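First comes the structure, then the notes that go with it.
Here, each number is a calculation from the coordinates, and none is a lab measurement. From a predicted model like this one, the values you see are computed outputs, not experimental measurements. Every residue, glycine as well, gets a Cβ built from its backbone with ideal geometry; the counts of neighbours run over all protein chains shown.
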Amino acid sequence: MPNRRMREEFHGDLVTGPVPTDYRTETNKYEIQCAGCGKRYYVNTEMRDDLEHAIENDVETPFICSICQEAENDELAYR
Ligand SMILES: [Zn+2]
């Protein structure tokens, strides 16, 4: 069924670029901690470098996971 395959590929495209995962993968092998909930995530070299830059520049929350980010957005929406 070619249609079904195309739909799956399209769905895969919804994830744009590298994203932190909560398990170690071949590319996501650097462990980081969410500044919001303290949950551990794994990122690739690129994201790790970004994070180190953020830490060097004294960014208070270098990494916030998508769950905390959503919670934060919800909070802002209520203000
Ligand atoms: Zn979090």
Scattering from the C-alpha atoms of the stretch 20-78 alone, worked out with Debye: what is log10 I(q)/I(0) at q = 0.22 1/Å? -0.87
Given a Förster radius of 35 Å and the C-beta distance between residue 71 and residue 24 as r, what FRET efficiency does 1/(1 + (r/R0)^6) yield to the nearest 0.05? 0.90
Under 10 Å from the Cβ of residue 22, count the other residues' Cβ atoms, weight Lys and Arg +1, Asp and Glu -1, and hand me the total. +3
Give me the net charge for the shell around residue 47: Cβ to Cβ below 13 angstrom, other residues only, Lys and Arg +1, Asp and Glu -1. -3
